[in-house]
Protein chains: 2
Amino acid sequence: MINWRIEEIGFDPEQITTNGNKFLVGNGYLGIRGTLQEYEKTEFPAINLAGIYDQVGDAWREPLNAPNGLYTYVTFNDKQFCLPMDMPADHSISLNYRHGIFTRDTSWYCDGGAITVNAERFASMDEKHLIVMKYSFQSEIDGELQIHTGIDGEVWDINGPHYDEMLLSVENNIAKAIGITHESKDQVIVCESIHTNFTYVEQIITEGRKLIRCLNISAKAGKTYQLYKYISVYTSKDGMDFDLQACNLVSNSKYLGYLEVRNKHIAVWEEKWSVSEVFIEGDDASMEALNYSTYHLHCIAPRHADSLSIAARGLSGQTYKGAVFWDTEMFMLDFFLFTEPAVAKTLLKYRIDTLEGAKKKAKHYGYEGAFYAWESQEGGYDACSDYNVTDVFTGRQMRTYFKDKQIHISAAVVYGIMRYVDYTGNYDLLTEGGIEVILECANFYYDLLVKKVHLERYELHDVIGPDEYHERVNNNAYTNRMAKYTIESAIRAIKLLPKLDENVQSKVREQYKLDMLLILYQDVNSNLYIPKPGSETGIIEQFDGYEKLEEVGLEELRGRILHEKEYWGGAYGIASHTKIIKQADVVTMLNLFSGEYSDEVLLKNWEYYEPRTEHGSSLSACMYAMLACKCNMPEKAFPLFLKSATSDLSGHGKQWAGLIYIGGTHPASSGGAYMTAVEGFAGIHHENGKLVARPVLPKNWSRLRCKVYYQGELHQVEITQDQAKISKINN
Amino acid sequence: MINWRIEEIGFDPEQITTNGNKFLVGNGYLGIRGTLQEYEKTEFPAINLAGIYDQVGDAWREPLNAPNGLYTYVTFNDKQFCLPMDMPADHSISLNYRHGIFTRDTSWYCDGGAITVNAERFASMDEKHLIVMKYSFQSEIDGELQIHTGIDGEVWDINGPHYDEMLLSVENNIAKAIGITHESKDQVIVCESIHTNFTYVEQIITEGRKLIRCLNISAKAGKTYQLYKYISVYTSKDGMDFDLQACNLVSNSKYLGYLEVRNKHIAVWEEKWSVSEVFIEGDDASMEALNYSTYHLHCIAPRHADSLSIAARGLSGQTYKGAVFWDTEMFMLDFFLFTEPAVAKTLLKYRIDTLEGAKKKAKHYGYEGAFYAWESQEGGYDACSDYNVTDVFTGRQMRTYFKDKQIHISAAVVYGIMRYVDYTGNYDLLTEGGIEVILECANFYYDLLVKKVHLERYELHDVIGPDEYHERVNNNAYTNRMAKYTIESAIRAIKLLPKLDENVQSKVREQYKLDMLLILYQDVNSNLYIPKPGSETGIIEQFDGYEKLEEVGLEELRGRILHEKEYWGGAYGIASHTKIIKQADVVTMLNLFSGEYSDEVLLKNWEYYEPRTEHGSSLSACMYAMLACKCNMPEKAFPLFLKSATSDLSGHGKQWAGLIYIGGTHPASSGGAYMTAVEGFAGIHHENGKLVARPVLPKNWSRLRCKVYYQGELHQVEITQDQAKISKINN
């Protein structure tokens, strides 16, 4: 049994940023960083919103943080008690990650006695627009207490300020802040209402963009003063009467009362865990880390929408521009496909609905078809800059090619759609535009193919593969294979067409010359070059010329660093002309297409590339872990599994890329941990239309139990060291 | 009339390096920097040798400097008088560039009177291994004079020391130094003998690698003490008995005497000028600068060899590794073709004889055919490094692509050969291996061609054009057109084959499937993509995507410089992502193929690219100048002509590329000045087998007179503002 709780005892200012990620709560509509009520900008508090963005000047476009309706602090006998300025006598924070409830308990000494603040809060899983907090005060001595609580409109932004105006008001005892964004004049509204178990004299104060209620109380020693806050968050994208709804939600929730709202919230979480909890017997630490990981995926699942995806740093802030990367399809999708296919569909619908953006991007570069955004925001707008890294030596921007050369992104989208088709057995996504996505992505790769004039071998030149340290390479094995996969999928989709709705059939037939495409695709399928394992070495070259690069050990390479934040890639990075790679590349390909290679080739490449991999991306460890499982090396997979599962627990992920802050949660790593446990160790996969297991449990795992959906039906999976059982659950 | 003399009066230590280039003398076998007799390493003296190289460790391979047999200084009354340490009372140096004679005149004050040193020296044009010097001393007071003279074996090297051993000896009054090289144990021998008009007591001293005669004289006021030195230089590459020859040459020359040796030397120069002198009436400065430029070409012409080329910095030192670049074929060749076709042949034979090296280089990169060295040393060895520039900010080496991507070099070789054929009317070069060179270069380009799978348009990707600031571009207009030129030349060569010697015919037919090649080449000729002038703008895009680069003024760009020696190109250089280019690129193409474009297109592109060109290479100005002439803008051409013609006179050429010293003479610029005068202003070119003129003289040039060879016959050219006359000279 695990206790579903993490905590940190004592106050360490160095941990403020990391804890903001580690103790995050969220409900898919919004995420609340694990920061304290009294924190202001400098401590990076955020109520981060999904799917709404703003840009100021030339700086990066990024998602919005809402005005902070949780803002609260106390003064006692005219002294203010706020972290991190006023060092506490005692302090702890905790997160119940079964139910997404964050608490803080802090006491300070004041005039010879202790005063204590306890608080808990959550983002309602039952009502996406609602945040609720209980805030309590106790003192060992009598004194004059002031509780300052309200809305802090002075939000933390990386490239802000995003609100040109912040309208503050109080009406019918509801405090309200409306921020009006710079780019599109969108509105973000936060309403707040309070309830207390004590009487007070209230003053309403506005200080800049802060709207604060000051509650004055003559506090008695030993008495607990409880404040309940009901906070609603809406934006103008939530429909016409968002303002009214925001007010009503606060009133209604207050009427229901804290306990009732809390119970409904917990009930939704319990429902989620009833399917998604993974039991690991014999290794509580792994079970904790794994379920803590999937907790984060639950917090950011866009259940409130039909068509929305997940940002690379979830809802933990504005880093990575709140943009959607290949992370979603390649690393997070399986968790939802296995435990909540409706969410998987929502994620993929986002790609279908941004097809126009992808076609526009392709056109911009002079290509046919659909070139999906490397960093996708609304409408498929590519937020990726041509200058994504700052040179630490000159302070200049460095031209990077993530946006224009990382063409494997389109294949990832196709991979997600086909995986949805295979695991759900459902063609709804194909019918709802998926088939066009597949054909446009296939046409994109077809258009990019080049060949030597005198050879019938089709190649892809000048790309960046998953290993971003090596830019502008030819015939990256992963990219070429994924392009082929896209072509294969297009052929499959054309052949599936007769099974789809007739209207869809005729629409697609009208739009595309399918007979001709089929001929072209089959030709590509025969001639597209996929680098083969070396006849003697068994090693697949990551790209043309990789073999000729400098052979150097990772530690020796680290010894060449001149500046701790210098970029390892680009044209002159320390890794660029060596064999050291950032993350799984050939290994990712082998993991996806393991059935096409001998066990020997899988093992040899794992052993060749692993010591040459920095694992500088949180996407790397799980691919190595899963391939290790396929090579029957669970003990080699295990530390890599733990690395994925604890990336947000440990807070050891990279915080900086060049001079850019990139901290936040790592949902791809969380998804990778889930995949490693369920698809790696338990070996769950489908073969010929059946769900099967090929388990290789770590030696101290006596049993793994979980539930997974397959073809629309929930299955119980039970794996021990010598048995694997998959059985349908009859509801 | 011009006086064929340049001088510098007064002593400026800052000018030592520049003067080393500006006052150079040479005879093709060796070049002697314009440095003073007493200079040591720190002042960069050099007797630089043609075509012999050495490498020490990982540093660049570079040509050898011979032990300095000119080394001489005086002491008077026990005081030493050497520049730059002992500031002189008077000082001047001069160069008679009609006859390649360098003089120095220096006086110092000593014990109340002046002492004076005068010296002149030359590298014999009549005997390539011979250097001769006359050194005179006078004093206003009596005193004890010591003339120290001998051989300084402590030679200046950039990446040396190249001599593992330096053997010093004196035998039969001949001083001798033999340096044994590191890499190949080659020997460089310098012999020296002296003659004086005074008696002396001699001591022989060796100090380290210096072998010095110390001549002790009780000097009388007013008397002139004259020392004559005869110095021979040979290497072990000069035949078996090079040692004996070196001794004999010194003895024989001494026997002939200074005046006789000097007269024979002058006679050869006069013979050269009798053909190559260009008369410009109305503008002495231009005439001086132009003939000074061609003086430098004479100094480095490899008349002593059958197959040897010219280094990019001539014989002025070890910069640019003493390597042969495209400079020879594209910028220097025409001067020799027009005035001394035998030298042109020698230059091109070097390329024929290094075909194997070019094939080896192609093979190394996995290509067919011949990929000539970007920086060619003996055997066609490519001395260019993969890391050619040092990052001034990090001190790290930067990966550059000059060697592997500047594929236009092979076309330059073909261009040179075909130009030789056209101007001489002689097929000897084709017979002697030129035809194989052309076919192998054509095969090289054929192998490099890529196409989109679905388009019949052949392209060249991932290249560097003449403008090196933009690396790894697709469809560089110059490169594509030159590749097409190569293919056209191959077709022409195949069709010429029946006119050649039958043995050659059968050898070529045996080696190549000519019928098949002809079909392939004709296909390439039809489909190779040459970027066209924009339909509205008339501008030819330098490469795919150039139009999208940042538009910025040259001065604004200079304002972004953070370090005076930073490299402007590479992946992140200040010019790399802007439209600013290093040197003529599209303009070079238009100059070579002007007949294929309308006058309007020529003009529009000149006007578009000129303000965007840094002219950061000495190869740039003349291409703009020549195209300006074709656009009938002699006044725009004129300052660019002067820039080319004075590049060594002014010493304003770039001295540094990153942290690498690149100073030296600029023979390509000299050749460019000649081309501008004769082919630009005088408009000399051939049309349908006839030599014709289309002159556009600058307004202050009343007359231009020169002689040029065409089809084996010497022609007199006489151009005035309103007349052009070309007539055969009957010998």
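The values are calculated or read from the model by the stated rules, or taken from the named source; none is laboratory data. As the structure is a prediction and not an experimental result, all values here were calculated from the model. Reconstructed Cβ throughout: ideal geometry from the backbone, glycine too, with neighbour counts over all protein chains shown.
Just the residues that are assigned to a loop (DSSP other than H, G, I, E, B) and without any contact (Cβ under 8 Å) to a residue 60 or more places away in the chain, please, taken from the range B:502-548.
Of all residues in the range B:502-548, those assigned to a loop (DSSP other than H, G, I, E, B) come to B:512-513, B:529-532, B:534-539, B:541-545.
Those that are assigned to a loop (DSSP other than H, G, I, E, B) and without any contact (Cβ under 8 Å) to a residue 60 or more places away in the chain: B:Lys513, B:Ile530, B:Pro531, B:Lys532, B:Gly534, B:Ser535, B:Glu536.
Hey, among A:Gly664, A:Gly689, which residue is on the phi > 0 side of the Ramachandran plot, at pLDDT below 95 and under 21 Å from the mean Cα position of the chain (by Cα)?
A:Gly664
Rundown of residues vs (1) under 20 Å from B:Ser489 (Cα atoms); (2) within 13 Å of chain A (Cβ to nearest Cβ), yes/no style:
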{"position": "B:Asp386", "(1), (2)": "no, yes"}
{"position": "B:Arg396", "(1), (2)": "no, yes"}
{"position": "B:Thr400", "(1), (2)": "no, yes"}
{"position": "B:Leu430", "(1), (2)": "yes, no"}
{"position": "B:Glu436", "(1), (2)": "yes, no"}
{"position": "B:Phe444", "(1), (2)": "yes, yes"}
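Count, please, the residues in the range B:182-194 that happen to be closer than 17 Å to B:Gln146 by Cα and exposed (fewer than 15 other Cβ atoms within 10 Å of the Cβ).
So the answer is 0.
Please count how many residues of the range B:201-235 are among the charged types (D, E, K, R) and closer than 21 Å to B:Ala114 by Cβ.
Step one: filter the range B:201-235 for residues among the charged types (D, E, K, R), giving B:202, B:207, B:209-210, B:213, B:220, B:223, B:229.
Of the ones still in play, those that are also closer than 21 Å to B:Ala114 by Cβ are B:220, B:223.
Of the residues in the range B:201-235, 2 are among the charged types (D, E, K, R) and closer than 21 Å to B:Ala114 by Cβ.
Do we have B:Glu607 as modelled with pLDDT of 95 or more and either within 13 Å of another protein chain (Cβ to nearest Cβ) or exposed (fewer than 13 other Cβ atoms within 10 Å of the Cβ) (or both) here? Before the answer, list the steps.
Numbers: modelled with pLDDT of 95 or more: yes; either within 13 Å of another protein chain (Cβ to nearest Cβ) or exposed (fewer than 13 other Cβ atoms within 10 Å of the Cβ) (or both): no.
Taking the combined requirement at face value, the residue does not satisfy it.
Within the range A:452-472, can you find the residues that are in contact (Cβ under 8 Å) with a residue 12 or more places away in the chain and within 11 Å of chain B (Cβ to nearest Cβ)? Walk me through it before giving the result.
Applying the first criterion (in contact (Cβ under 8 Å) with a residue 12 or more places away in the chain) to the range A:452-472 yields A:456-472.
Within the range A:452-472, A:Glu456, A:Arg457, A:Tyr458, A:Glu459, A:Leu460, A:His461, A:Asp462, A:Glu471, A:Arg472 meet the criteria.
Residue by residue, here is whether (1) buried (at least 16 other Cβ atoms within 10 Å of the Cβ); (2) under 25 Å from A:Lys363 (Cβ atoms); (3) not assigned by TED's automatic domain parsing to the domain that holds A:Lys361 holds:
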| residue | (1), (2), (3) |
| --- | --- |
| A:Asp467 | yes, no, no |
| A:Val504 | yes, yes, no |
| A:Glu510 | no, yes, no |
| A:Lys532 | no, no, no |
| A:Val552 | yes, no, no |
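List the strands (runs of 3 or more DSSP E) inside the range B:201-294, counting only whole elements, that have at least 2 residues being surrounded by fewer than 19 Cβ atoms within 10 Å (Cβ to Cβ) and free of Cβ contacts under 8 Å to residues at least 40 places away in the same chain. Write out each step before concluding.
Values: elements: B:201-207, B:210-219, B:225-235, B:279-281.
So the answer is B:201-207.
Select the helices (runs of 4 or more DSSP H) contained entirely in the range A:298-387, then report the ones holding at least 3 residues which are within 13 Å of the chain's Cα centre (by Cα).
Hits in the range A:298-387: A:333-339.
For the list (1) within 14 Å of chain A (Cβ to nearest Cβ); (2) out of contact with any Lys or Arg (no Cβ under 7 Å at 6 or more places or on another chain); (3) not charged (D, E, K, R), I need the number of the one condition that B:Asn426 fails.
Only one criterion is unmet by B:Asn426, namely (1).
Of all residues in the range A:172-200, count the ones that are within 16 Å of A:Phe242 (Cα to Cα) and at pLDDT below 95.
Here the count works out to 0.
Which residue pairs have Cβ atoms under 7 Å apart, sit 6 or more places apart or on different chains, and have a first residue in the range B:1-27 that is free of Cβ contacts under 8 Å to residues at least 24 places away in the same chain and a second that is surrounded by fewer than 21 Cβ atoms within 10 Å (Cβ to Cβ) and of a type in the set (Ser, Thr, Tyr)?
none
Check B:Ala412, B:Ala477 and return the single one that is over 24 Å from the mean Cα position of the chain (by Cα) and either assigned by TED's automatic domain parsing to the domain that holds B:Ile530 or modelled with pLDDT of 95 or more (or both).
B:Ala477
One line per residue, one yes/no per condition, for (1) of a type in the set (Asp, Glu); (2) under 20 Å from B:Lys229 (Cα atoms):
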| position | (1), (2) |
| --- | --- |
| B:Ile16 | no, no |
| B:Gly20 | no, no |
| B:Glu38 | yes, yes |
| B:Glu62 | yes, no |
| B:Leu83 | no, no |
| B:Leu95 | no, yes |
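Anything in the range B:38-71 that is farther than 20 Å from B:Thr18 by Cβ and part of a loop (DSSP other than H, G, I, E, B)? List them, or say none.
B:Gln55, B:Val56, B:Gly57, B:Asp58, B:Ala59, B:Trp60, B:Arg61, B:Ala66, B:Pro67, B:Gly69, B:Tyr71, listed by residue number.
Going through the range A:159-200 one residue at a time, which ones are touching a Lys or Arg at 6+ places or on another chain (Cβ under 9 Å), among the acidic types (Asp, Glu) and part of a strand (DSSP E or B)?
A:Asp164, A:Glu192
From the list A:Asp105, A:Asp111, exactly one residue is farther than 18 Å from A:Val190 by Cα, assigned by TED's automatic domain parsing to the domain that holds A:Ile9 and touching a His at 6+ places or on another chain (Cβ under 9 Å). Which is it?
Exactly one of A:Asp105, A:Asp111 is farther than 18 Å from A:Val190 by Cα, assigned by TED's automatic domain parsing to the domain that holds A:Ile9 and touching a His at 6+ places or on another chain (Cβ under 9 Å), namely A:Asp105.
Residue-by-condition table, conditions (1) assigned to a strand (DSSP E or B); (2) of a type in the set (Val, Ile, Thr):
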| position | (1), (2) |
| --- | --- |
| A:Gln80 | yes, no |
| A:His99 | no, no |
| A:Arg104 | yes, no |
| A:Thr116 | yes, yes |
| A:Arg121 | yes, no |
| A:Ile131 | yes, yes |
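Where residues in the range A:551-574 are of a type in the set (Val, Ile, Thr) and within 23 Å of A:Glu541 (Cβ to Cβ), which of them is nearest to the other protein chains (Cβ to nearest Cβ)?
Looking at the filtered set, the residue picked out is A:Ile574.
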